[in-house]
1. Filter the stretch 203-230 down to the residues that are hydroxyl-bearing (S, T, Y) and part of a helix (DSSP H, G or I), then identify the one that is surrounded by the most Cβ atoms within 10 Å (Cβ to Cβ).
2. Whether any residue in the stretch 308-315 is among the β-branched types (V, I, T) and not in a helix (DSSP H, G or I) is what I want to check.
3. Looking at the structure I just gave you, is S41 surrounded by fewer than 18 Cβ atoms within 10 Å (Cβ to Cβ), polar (S, T, N, Q), modelled with pLDDT under 95 and within 23 Å of D351 (Cα to Cα)?
4. Counting only residues that are under 31 Å from the mean Cα position of the chain (by Cα) and surrounded by fewer than 16 Cβ atoms within 10 Å (Cβ to Cβ), which one in the stretch 151-190 is modelled with the highest pLDDT?
5. Pairs only if they're at least six apart or on different chains, beta carbon under 8 angstrom, first in the stretch 84-108 and within 24 Å of I144 (Cβ to Cβ) and crowded, with 19+ Cβ neighbours inside 10 Å, second modelled with pLDDT of 95 or more and among the basic types (K, R); list them, first residue then second.
6. Only one of D279, D252, D224, D183 is closer than 30 Å to W347 by Cβ and either without any contact (Cβ under 8 Å) to a residue 24 or more places away in the chain or outside the structural domain of G120 (by TED's automatic domain parsing) (or both); which?
7. Kindly indicate whether T319 is of a type outside the set (A, V, I, L, M), in a strand (DSSP E or B), without any contact (Cβ under 8 Å) to a residue 60 or more places away in the chain and closer than 25 Å to L4 by Cα.
8. Can you pull out the strands (runs of 3 or more DSSP E) entirely within the stretch 329-433 that have at least 3 residues that are of a type outside the set (D, E, K, R), within 25 Å of the chain's Cα centre (by Cα) and crowded, with 16+ Cβ neighbours inside 10 Å?
Amino acid sequence: MQKLPFERPLVQKISAGLPSKFGIQGKLEPITHIDGIPVNSLIEEFGSPVFVISENTIRKTYKEAYRAFASRYPKVQFAWSYKTNYLNAVCSVFHQEGSWAEVVSGFEYDKAIAIGVEPGHIIFNGPDKTIEDLTKAISQGSLIHIDHFDELYDIIDLADRLEERPQVAIRVNMDTGIYPQWDRFGFNYENGEAWDALNRIMVNGNMDLVGLHTHIGTYMMSTDAYRIAATKLVDLAQGLMRKHKHAISYIDMGGGFASRNTLKGAYYPGSDTTPSFDDFAEAITSAFMKSELKPDDLPLLILETGRALIDDAGYLLGTVIANKRLADGRRSTIIDAGVNLLFTAFWYEHDIRPAKAVSDQTEDSTIYGPLCMNIDVIRGNVLFPLLKKGDHYVIKRIGAYNNTQWLQFITLRPNVVMIDTTGTPHIIRKAETLDSLNQHELTPGHLGQFNV
């Protein structure tokens, strides 16, 4: 006879779906399939845990965002934010949809070139552009967004030595009513620093000033902040025309649009409070259309949104390792994916679901990852059904930043799978192995032998 596991009796409040003064609790619906493929079969074929990305969702979300802006403004261009998720397959989907590339390092720049993006359709942002990076970007005609005066002086020097005309814009930071203000990057609008940089570029005469750029923050919930930012960039553009008789080609509003994830400490879920693409588009394009910009010479509007375009397309699938009671009697569930894979668990209350129909009863639970660190918490407190060892789970909306900020720590990083538009899954990044890690390590000869 098989010995049954023992769990000591404990009086614990559970929720069985009965009404309270707040009404009837909503049932936690399982996620049994992703794009028509059973979760269980994905785990069986590709391992546990496993990242799954929906190509259909990427394309649908991109089209929704593009429609929101293009229906309100005649000249719109998206540039995919590589730092958000730079897996080649993900980037290629966005480029097939017409998106340019927005990069913030020499590594990301080389990645975009290797994928096949035209250099003139690469926007090079960020404060850390080496002389080698700048030389490459200038020689290939990429769009360089200048972050600080030291970088500007490097470009002035390179323009003379290379006998090339760099295609440049400046990044502008400003007060948009959001605090803390993002003033680390770019040139400040209010104190005149932005005008100082623009005047130096125009007086130099060896560069082509093609645009203006801002990126006011991340996970932005205020559309009015974008209206203010757009108004101030338009003011700079009109000032350039008045003073230097110079028309810029584009205004880049950056990214930062919130996804539908829920931030820790939020009172309402992000799915209920996040502005839509239409909301952001209305705020930005209205500022353009209400300005004195001439209708026959409107600048191209560039958007660099990343998180809002990819979060919904990503899932993390895995398996319950164990359940146990904490010292205070609360239930804890241990799963096989930790914060080394789900870095965004540090700031999101991620939506985790069972992968099959289970009991309607839920219990206040803490969900831990498998790491031997106390900070490995996926959800601190969540009403969750009583999953057993071996049951599968699905975590929604994890497409942004987790495949660029993940860590090889204690466990190996797993397969990443993309389900294409026909419903066929493909491995787009192989799981790590001990051999693949050891390929990057070198051991001095005197350490090659030992007796233990």
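1. Residues of the stretch 203-230 hydroxyl-bearing (S, T, Y): 214, 218-219, 222-223, 226.
This time we only want the ones that are part of a helix (DSSP H, G or I), so: 223, 226.
Values: T223: 18, Y226: 29.
Among those residues, the one meeting the criterion is Y226.
2. So the first thing to find is which residues in the stretch 308-315 are among the β-branched types (V, I, T), and the list is 310.
Now restrict to residues that are not in a helix (DSSP H, G or I): none.
Within the stretch 308-315 (the criterion being among the β-branched types (V, I, T) and not in a helix (DSSP H, G or I)), the answer is no, since none of the residues qualifies.
3. Details: surrounded by fewer than 18 Cβ atoms within 10 Å (Cβ to Cβ): yes; polar (S, T, N, Q): yes; modelled with pLDDT under 95: no; within 23 Å of D351 (Cα to Cα): yes.
No; evaluated as a whole, the condition is false for this residue.
4. Initial filter on the stretch 151-190 (under 31 Å from the mean Cα position of the chain (by Cα)): 151-152, 154-155, 166-190.
Still in the list and also surrounded by fewer than 16 Cβ atoms within 10 Å (Cβ to Cβ): 177, 179-181, 183-184, 190.
Working: G177: 92, Y179: 86, P180: 85, Q181: 86, D183: 88, R184: 91, E190: 96.
Here the answer is E190.
5. As it stands, the answer is T84/R307; Y86/K111; C91/K111; V103/K83; V103/K111; V104/K83; E108/K83, since those pairs meet every condition given.
6. Working: D279 fails: either without any contact (Cβ under 8 Å) to a residue 24 or more places away in the chain or outside the structural domain of G120 (by TED's automatic domain parsing) (or both); D252 fails: either without any contact (Cβ under 8 Å) to a residue 24 or more places away in the chain or outside the structural domain of G120 (by TED's automatic domain parsing) (or both); D224 fails: either without any contact (Cβ under 8 Å) to a residue 24 or more places away in the chain or outside the structural domain of G120 (by TED's automatic domain parsing) (or both).
Answer to the check: D183.
7. On the way: of a type outside the set (A, V, I, L, M): yes; in a strand (DSSP E or B): yes; without any contact (Cβ under 8 Å) to a residue 60 or more places away in the chain: no; closer than 25 Å to L4 by Cα: yes.
Here the answer is no, as T319 does not meet what is asked.
8. 377-385, 392-396, 416-419
The values are calculated or read from the model by the stated rules, or taken from the named source; none is laboratory data. Just so you know, these numbers come straight off a predicted model, no measurement behind them. Heads up, the Cβs are rebuilt from the backbone with ideal geometry, glycines too, and the neighbour counts pull from every protein chain shown.
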